[in-house]
Structure formats: structure tokens, C-alpha cells
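For reference, the structure is listed below as C-alpha cells.
The values are calculated or read from the model by the stated rules, or taken from the named source; none is laboratory data. What you see is a predicted model; the values in this text were computed from it and never measured. Cβ placement follows ideal geometry from the backbone for every residue including glycine, while neighbour counts extend to all protein chains displayed.
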């Protein structure tokens, strides 16, 4: 298995979102991994991501890199992870096939309502991404390339 150190702590998603504090952290980790290795790499660009990741692993994040991590990366990663989890977390795949998970006695959320929630978390991530792009305009960070691709999503507010 690929070993990558995730940027989020077990308490970040429940602290920063409406996700319950007793959510199974292990069920969140694949979605955090996907968001970190796709969305965060897309936003930062590979060079800046690699710099921040190496400093994070070595516990040497400082200066503008620490600011980027603390102010932007954690929030973007949290929201993009939630969007992914809500898209895929209600399903499990086993040798017997794919099945929908649910809590005994709980009512399922309407698909339209769920889609709306997924889009809201995704848009929160995009909003932080836009703030990051604005922040980076006057920063001299050699690893950051301005041509990083941002998402084009219609705001929900």
C-alpha cells in the first residue's frame, strides 16, 4: 500500500464541519487521501505540494509555506474531503457486491438534498481555493506556478 502522511488530523473534519465527532475516522481516510492527492495537488501544483509535503513530514513548515498550509490547505482539504465522503461514503464494496450503508432506524437523506450538501462542501473548498489564489498574487514562492487550474463551479450562496 502507498504510504502517504495525511495533512488532516482525526479531529479536523468534525471540528471544522457539521460532521459528527463520532464518525469513523478510518472511513474518512480514503477520501482525505483522494482529496489531498488530487484537489490539493491541482490547486498548489506539484512542485509546491511536494515542498509543503516534505516540510510537513519533516516538521519544518515555516514562513509562507506554513501560512499556506494553516490558512488554506487544511480548509480546502477538509471541504473537498467532505464532498468526496458524502459522494461515496454511503456505499461499501465487498466480495458480495456494493451495498448502501445506513444506521438502523435512521432515515436516508433525499438524493437532491444530498447532492446539494455535496455541492456546498465542494463550493466551500473552491471558495478557499479562490482566496488562496488571491493570497498568492503578491507572494514570491518559486514552487508556485500561476497556471494551476481552478474549478469553475457556480456559487451556492
Test: residue 89 is surrounded by 14 or more Cβ atoms within 10 Å (Cβ to Cβ), touching a helix residue (DSSP H, G or I) at 6+ places or on another chain (Cβ under 8 Å), under 20 Å from residue 16 (Cβ atoms) and at pLDDT below 70: yes
Test: residue in region 57-64 that is within 23 Å of residue 136 (Cα to Cα), at pLDDT 95 or above and within 15 Å of the chain's Cα centre (by Cα): no
Search result, residues across region 99-136 that are surrounded by fewer than 18 Cβ atoms within 10 Å (Cβ to Cβ), over 18 Å from the mean Cα position of the chain (by Cα) and at pLDDT 85 or above: 134, 135
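On the given criteria, is residue 144 modelled with pLDDT under 80, over 22 Å from residue 9 (Cβ atoms) and not in a helix (DSSP H, G or I)?
Numbers: modelled with pLDDT under 80: no; over 22 Å from residue 9 (Cβ atoms): yes; not in a helix (DSSP H, G or I): yes.
No, not satisfied.
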Per-region count, region 16-32, residues closer than 18 Å to residue 118 by Cβ, within 12 Å of the chain's Cα centre (by Cα) and free of Cβ contacts under 8 Å to residues at least 40 places away in the same chain: 1
Single residue of region 109-141 satisfying the filter (without any contact (Cβ under 8 Å) to a residue 40 or more places away in the chain and outside any helix (DSSP H, G or I)) that is nearest to residue 43 (Cα to Cα): 137
Test: residue in region 52-62 that is touching a residue at least 24 places away in the same chain (Cβ under 8 Å) and crowded, with 18+ Cβ neighbours inside 10 Å: yes
For residue 81: the one exception among (1) surrounded by fewer than 19 Cβ atoms within 10 Å (Cβ to Cβ); (2) modelled with pLDDT under 95: (1)
